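The values are calculated or read from the model by the stated rules, or taken from the named source; none is laboratory data. Remember, predicted model here, so these are calculated numbers, not experimental data. Note that each Cβ is placed from the backbone with ideal geometry, even for glycine, and that neighbours are counted across all protein chains shown.
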Amino acid sequence: MKKLFILLFLPLGIIAQTEGPKSVSDSTVVQIENPQKDIDVKTTVLEIEKQESKVISPECISGDCKDGEGTMNYKSGTYTGRWKDGLRDGIGKFVWNNGDMYNGTWSNDKRHGQGVYLWHDGSKYIGNYSFGIRSGYGIYYYTNGTIYEGTWQNNLKHGIANFYYKESVNLGGKYFNNEYVGGTGITQGTYKHKPE
């Protein structure tokens, strides 16, 4: 019986390993294989589902996460800030489990308005968001010291911008859907207004 079980569920275990866990049933394949014969498989699956639901379901850990100030734990991270009708709305900060962080304004549960997004690798965006996407004016700081200052559309560099390199600056460059299409090249020594 044990061999039949392994043969039937081995392909599911391989799929779960290559695609990552999609649901509770994917993660139970490894958990069910237990050398103890006394354990009821159905009971084990139910216990695992209960544990998973605690992690997957958002949980208000302090304050008022309906209409006010509160902190909510999510599977992906933690949000602390303003709430309206149970949605993130107003000033708030979200810290992802991987170390990324957004601090700024929210509307209807999305980043909206001015904010700062800091990636765990050290790159940073300071600027405008429109319902979760970079849109309008913003400055992007690359980890190598290069800075993009200009407009964004659909999370892409789009419009007139300045691009600051270590030794030079490109003023008035034009970007179209993240592609550079032209501009001037003025050295940094003649341009003193680089963003800090």
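Hey, any hits in the stretch 169-180 for a residue that's at pLDDT 90 or above, part of a strand (DSSP E or B), assigned by TED's automatic domain parsing to the domain that holds D67 and surrounded by fewer than 12 Cβ atoms within 10 Å (Cβ to Cβ)? Yes, some residue in the stretch 169-180 is at pLDDT 90 or above, part of a strand (DSSP E or B), assigned by TED's automatic domain parsing to the domain that holds D67 and surrounded by fewer than 12 Cβ atoms within 10 Å (Cβ to Cβ). Among the residues making up the stretch 146-168, a single one is farther than 25 Å from Y129 by Cβ and assigned to a strand (DSSP E or B): S168. T71 meets all of the listed conditions (1) among the polar types (S, T, N, Q); (2) within 30 Å of N177 (Cβ to Cβ); (3) in contact with a Phe, Trp or Tyr (Cβ under 9 Å, 6 or more places away or on another chain) but one, namely (2).
One line per residue, one yes/no per condition, for (1) modelled with pLDDT of 95 or more; (2) closer than 30 Å to G145 by Cα; (3) of a type in the set (K, R):
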residue: K50; (1), (2), (3): no, no, yes
residue: D67; (1), (2), (3): yes, no, no
residue: R82; (1), (2), (3): yes, no, yes
residue: V95; (1), (2), (3): yes, yes, no
residue: W106; (1), (2), (3): yes, yes, no
residue: H120; (1), (2), (3): yes, yes, no
residue: Y125; (1), (2), (3): yes, yes, no
residue: N128; (1), (2), (3): yes, yes, no
